[in-house]
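K.L.:
Could you have a look at this structure, given as C-alpha cells, before my questions?
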Amino acid sequence: MPSTINRSKTKTPMPAQDPKKRSKNFGEVALGYTQEDAINEARRCLNCKKPTCMQGCPVQVQIPQFIKHIAQQNFQKAINTIKQTNSLPAICGRVCPQEEQCEQKCILTKMGDPVAIGRLERFAADWEREQGIKTPEQTPSVGKKVAIIGSGPAGLTCAGDLAKIGYEVTVFEAFHDPGGVLIYGIPEFRLPKQIVKQEVDFIKQLGAKVKTNMVMGKILTIDDLFKKGYDAIFIGTGAGLPKFMNIPGENHLGVYSANEFLTRINLMKAYNFPETDTPVKVGKKVAVIGGGNVAMDSARCALRMGAEEVYIIYRRSEQEMPARKEEAEHAKEEGIIFNFLTNPTRIIGDENGWVKGIECIKMQLGEPDASGRRRPVPIEGSEYILDMDTVVIAIGTGPNPLLPKATSGLQLNKYGYIDTDENGKTSKEGVWAGGDIVTGSATVILAMGAGKKAAQSIHEYLQNK
C-alpha cells in the first residue's frame, strides 16, 4: 500500500511539449497531469484545519476538500466540489496566476513549493471532460430577468451563478463567438478554443442564453434592456481598447497593437492559414514591446507564425516584469530573445512605408514610482537600431467608451473605467459592473471574483425589490 502522504518539498512536474517542437505548432504546451501525477501531488496537501490557501481564491473554491478527493481517487467528487463555486475550472486551471493567489497562501511555501492547486484543478476538469460532462439540472425560474453584457470571465461567472439560483439570464456578446478575452486574447497553445466552448456550453446548460454579434451601446442600450423587461444588468465588457506609445513611426505598415494581432490569430484562425483564409503578415524579425502576459503571448504567436527571430523589448529589468514566471520561462525555452532595460524611441520605415527597423535607448532603474517598481530612466546617448520587419505594441489596454458613452447616469473615473462599490454596484439603478471595465487590465480569476460578487449583490437586490 502506498503512503497516503507525499512529503516531497517540490511540485510534481507538469508534462509539456518539447520546446523545439511546440514553437512550430499551436498545440497546448502544458499537457496536464496523469492520474498518477495528480494523486501524487494531491498527497502533498496537509489538509489544514484552517486552510490559508482559500484566502487567496477570489471564487471561494473549497481547495482542501477537492484535493482530498483527488488523493482518494474520487475524481467525480473533486470536480463536483470545484463546480459548487467555480463554473470555469478548465479555464482557471490553465490561465489563472495561482502562484499569486491560492498557492501563495499555501502553508507548504514555508518549506518548499506550494501544492500545485492550479494543475490539480485542471486535472479534475480534464478528467470530467474525458468522462463526458453531465448536463446539470436547471433551477426553476424565479420569474426575473438579468442581462449580462460581455461573455468574458466576469460575465460568464455572473451568468452561471445567477442561472443556478433560477434567474432568466441572457448574455450579450459583441463578437461572433462567446468567451471574450478567453477566446480572442489568449492563444490556442495556452487555452484551446474547445476548452472555452466547453465551459460556455456548461453555462448554457445551467439555463443562460447567449446572443452573439450584439454590439451593445450601438444595437441596444442599457435603457433599451430595461424597457425590454430586464430587472438588472451586469456590464463585463473588459478593457479592449489598445494603447500605443505615441512615438514616431507607429503608423508604419507592419505595426500591430497586441489586441489586433492576437484577435486576428485567435478568432480569425490565422494560425491555420492557408486552410483558413485569414493571413497575418509576420516578418522574419519581430519586436514585441512590453513585459506582461500579452507580450509573451504575442511573441510566442509570432514565432509560431513563421518569424525567425522574436524580441521582447521591456524598459525595466526581468525582476520587474509583470508576466507570469511560467510564461516567461516557456518563452525563453522556445527561443524568444529578451532585451531588458530597453525602450523604443521610434519605428523606422522604408520608402514604401513598411517597418524596417526600430530605434531603442538603453535604460537604468531609478527610484520607485507609484506602482512600487523602480522607474526606468533613459541613458543619454545610448540609442541603437535593431533591424525589424514587424512590431507589436503590447503595453496595455483601456476601456472601450462605446457602452459607457451611450449610458446616462453611469459614473466613470478619470480613466474612463466604470465606478462601482465593493460589490460591483454602479451609480445607475439596477446596473452592476465588474472585471477589467472596472479595474483595468487584470487577471481572469479577479474578473471571475468580481462577477461572483456582483451576482450575489444582484440576487440580494432583486429579492428585496
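K.L.:
Residues in region 359-378: is at least one farther than 27 Å from GLU250 by Cβ and hydroxyl-bearing (Ser, Thr, Tyr)?
P.N.:
no
K.L.:
Would you tally the residues in region 59-86 being in contact with a His (Cβ under 9 Å, 6 or more places away or on another chain) and either surrounded by fewer than 20 Cβ atoms within 10 Å (Cβ to Cβ) or of a type in the set (Phe, Trp, Tyr) (or both)?
P.N.:
As a first pass, look at region 59-86 and keep what is in contact with a His (Cβ under 9 Å, 6 or more places away or on another chain): 75-81.
The next check asks that each one be either surrounded by fewer than 20 Cβ atoms within 10 Å (Cβ to Cβ) or of a type in the set (Phe, Trp, Tyr) (or both); those that pass are 75-77, 80.
The total comes to 4.
K.L.:
Residues that are of a type in the set (S, T, N, Q), loosely packed, with under 15 Cβ neighbours inside 10 Å and within 24 Å of ALA406 (Cα to Cα): does region 212-235 have at least one?
P.N.:
As a first pass, look at region 212-235 and keep what is of a type in the set (S, T, N, Q): 212-213, 221.
Remaining after also requiring loosely packed, with under 15 Cβ neighbours inside 10 Å: 212-213.
Pick out the ones that are also within 24 Å of ALA406 (Cα to Cα) and you get 212-213.
Yes.
K.L.:
Which condition does GLY56 not pass, out of (1) under 24 Å from the mean Cα position of the chain (by Cα); (2) at pLDDT 95 or above; (3) buried (at least 16 other Cβ atoms within 10 Å of the Cβ), if it passes all the others?
P.N.:
Status for GLY56: all satisfied but (2).
K.L.:
Looking at ALA406 and the list (1) modelled with pLDDT under 95; (2) surrounded by 15 or more Cβ atoms within 10 Å (Cβ to Cβ); (3) farther than 17 Å from LEU156 by Cα; (4) under 26 Å from the mean Cα position of the chain (by Cα), which single condition is not satisfied?
P.N.:
Of the numbered conditions (1) modelled with pLDDT under 95; (2) surrounded by 15 or more Cβ atoms within 10 Å (Cβ to Cβ); (3) farther than 17 Å from LEU156 by Cα; (4) under 26 Å from the mean Cα position of the chain (by Cα), the odd one out for ALA406 is (4).
K.L.:
Here is a list of conditions, (1) free of Cβ contacts under 8 Å to residues at least 40 places away in the same chain; (2) under 30 Å from TYR184 (Cβ atoms); (3) surrounded by 21 or more Cβ atoms within 10 Å (Cβ to Cβ), and ILE39 meets all of them except one; can you say which number that is?
P.N.:
(2)
K.L.:
Can you run down the residue pairs with Cβ atoms below 6 Å, 6 or more apart or on separate chains, where the first is in region 184-207 and under 20 Å from ASP161 (Cβ atoms) and the partner is modelled with pLDDT under 95 and surrounded by fewer than 17 Cβ atoms within 10 Å (Cβ to Cβ)?
P.N.:
Qualifying pairs under 6 Å: GLN205/THR135; GLN205/PRO136; LEU206/PRO136; GLY207/GLN138.
K.L.:
Now a separate question. Under 8 Å by Cβ, and 6 or more places apart or on different chains, what pairs join a residue from region 21-34 that is part of a loop (DSSP other than H, G, I, E, B) with one that is buried (at least 18 other Cβ atoms within 10 Å of the Cβ) and at pLDDT below 95?
P.N.:
PHE26/TYR271
K.L.:
Can you tell me which residue is surrounded by the most Cβ atoms within 10 Å (Cβ to Cβ) among those in region 275-331 that are of a type in the set (Ser, Thr, Tyr) and in contact (Cβ under 8 Å) with a residue 40 or more places away in the chain? Don't jump to the end; show me each part of the working.
P.N.:
So in region 275-331, the residues of a type in the set (Ser, Thr, Tyr) come out as 276, 278, 298, 311, 314, 317.
Narrowing further to those that are in contact (Cβ under 8 Å) with a residue 40 or more places away in the chain: 298, 311, 317.
Working: SER298: 28, TYR311: 23, SER317: 16.
Restricting to residues being of a type in the set (Ser, Thr, Tyr) and in contact (Cβ under 8 Å) with a residue 40 or more places away in the chain, the top hit is SER298.
K.L.:
Checking ALA239 against (1) crowded, with 24+ Cβ neighbours inside 10 Å; (2) not in a loop (DSSP other than H, G, I, E, B), which single condition isn't satisfied?
P.N.:
(2) is the only condition that ALA239 fails.
K.L.:
For residues that are hydroxyl-bearing (Ser, Thr, Tyr) and surrounded by fewer than 16 Cβ atoms within 10 Å (Cβ to Cβ), scanning just region 413-447, find the one that is modelled with the lowest pLDDT. Break it down into steps so the answer makes sense when it comes.
P.N.:
Keep residues of region 413-447 that are hydroxyl-bearing (Ser, Thr, Tyr), which gives 415, 417, 420, 426-427, 439, 441, 443.
Then keep just the ones that are surrounded by fewer than 16 Cβ atoms within 10 Å (Cβ to Cβ); that gives 415, 427.
Numbers: TYR415: 92, SER427: 97.
Only one residue fits best here, namely TYR415.
K.L.:
Tell me the residue from ARG7, ARG44 that is modelled with pLDDT under 95 and either within 20 Å of ASP113 (Cβ to Cβ) or surrounded by fewer than 18 Cβ atoms within 10 Å (Cβ to Cβ) (or both), please.
P.N.:
Details: ARG44 fails: modelled with pLDDT under 95.
Being modelled with pLDDT under 95 and either within 20 Å of ASP113 (Cβ to Cβ) or surrounded by fewer than 18 Cβ atoms within 10 Å (Cβ to Cβ) (or both) holds for just one of ARG7, ARG44, which is ARG7.
K.L.:
Hey, does region 366-384 have a residue that's of a type in the set (Val, Ile, Thr) and surrounded by 15 or more Cβ atoms within 10 Å (Cβ to Cβ)?
P.N.:
In the first step, residues of region 366-384 are kept if they are of a type in the set (Val, Ile, Thr); the result is 377, 379.
Filter again for surrounded by 15 or more Cβ atoms within 10 Å (Cβ to Cβ), leaving none.
Scanning region 366-384, I find no residue that is of a type in the set (Val, Ile, Thr) and surrounded by 15 or more Cβ atoms within 10 Å (Cβ to Cβ), so the answer is no.
K.L.:
Which residues, taken from region 214-236, are among the β-branched types (Val, Ile, Thr), in contact (Cβ under 8 Å) with a residue 24 or more places away in the chain and in a loop (DSSP other than H, G, I, E, B)? Quick ask: steps written out before the conclusion?
P.N.:
Residues of region 214-236 among the β-branched types (Val, Ile, Thr): 215, 219, 221-222, 233, 235.
Those left that are additionally in contact (Cβ under 8 Å) with a residue 24 or more places away in the chain: 215, 221-222, 233, 235.
Result: VAL215, THR221.
K.L.:
In region 248-307, how many are of a type in the set (A, V, I, L, M), within 21 Å of ILE385 (Cα to Cα) and assigned to a loop (DSSP other than H, G, I, E, B)? Give the steps one after another, and end with the answer.
P.N.:
At the first step, the residues of region 248-307 found to be of a type in the set (A, V, I, L, M) are 253, 255, 258, 262, 265, 267-268, 270, 280, 282, 286-289, 294-296, 299, 302-303, 305, 307.
This time we only want the ones that are within 21 Å of ILE385 (Cα to Cα), so: 253, 255, 282, 286-289, 295, 299, 302, 307.
Filter once more, keeping what is assigned to a loop (DSSP other than H, G, I, E, B): 282, 307.
Number of matching residues: 2.
K.L.:
Only one of ILE437, ILE445, ILE395, ILE418 is hydrophobic (A, V, I, L, M, F, W, C) and in contact with a Leu (Cβ under 8 Å, 6 or more places away or on another chain); which?
P.N.:
Working: ILE437 fails: in contact with a Leu (Cβ under 8 Å, 6 or more places away or on another chain); ILE445 fails: in contact with a Leu (Cβ under 8 Å, 6 or more places away or on another chain); ILE395 fails: in contact with a Leu (Cβ under 8 Å, 6 or more places away or on another chain).
Of ILE437, ILE445, ILE395, ILE418, the one residue that is hydrophobic (A, V, I, L, M, F, W, C) and in contact with a Leu (Cβ under 8 Å, 6 or more places away or on another chain) is ILE418.
K.L.:
Return yes or no: is PHE175 in contact (Cβ under 8 Å) with a residue 40 or more places away in the chain, within 23 Å of ASN213 (Cα to Cα) and part of a loop (DSSP other than H, G, I, E, B)?
P.N.:
Details: in contact (Cβ under 8 Å) with a residue 40 or more places away in the chain: yes; within 23 Å of ASN213 (Cα to Cα): yes; part of a loop (DSSP other than H, G, I, E, B): yes.
Here the answer is yes, as PHE175 does meet what is asked.
K.L.:
Still on this structure: Which residue, of GLY150, GLY132, GLY166, GLY155, is at pLDDT 95 or above, surrounded by fewer than 24 Cβ atoms within 10 Å (Cβ to Cβ) and either in contact with a strand residue (DSSP E or B) (Cβ under 7 Å, 6 or more places away or on another chain) or not hydrophobic (A, V, I, L, M, F, W, C) (or both)?
P.N.:
GLY166
K.L.:
Assess whether ALA159 counts as being in a helix (DSSP H, G or I), among the small types (Gly, Ala, Ser) and more than 21 Å from GLN65 (Cα to Cα). Walk me through how you get there before you give the answer.
P.N.:
Numbers: in a helix (DSSP H, G or I): yes; among the small types (Gly, Ala, Ser): yes; more than 21 Å from GLN65 (Cα to Cα): yes.
Yes; evaluated as a whole, the condition is true for this residue.
The values are calculated or read from the model by the stated rules, or taken from the named source; none is laboratory data. The model shown is predicted, which means the values in this text are computed figures rather than measured ones. Please note: Cβ atoms are built from the backbone with ideal geometry, for glycine as well, and neighbour counts cover all protein chains shown.
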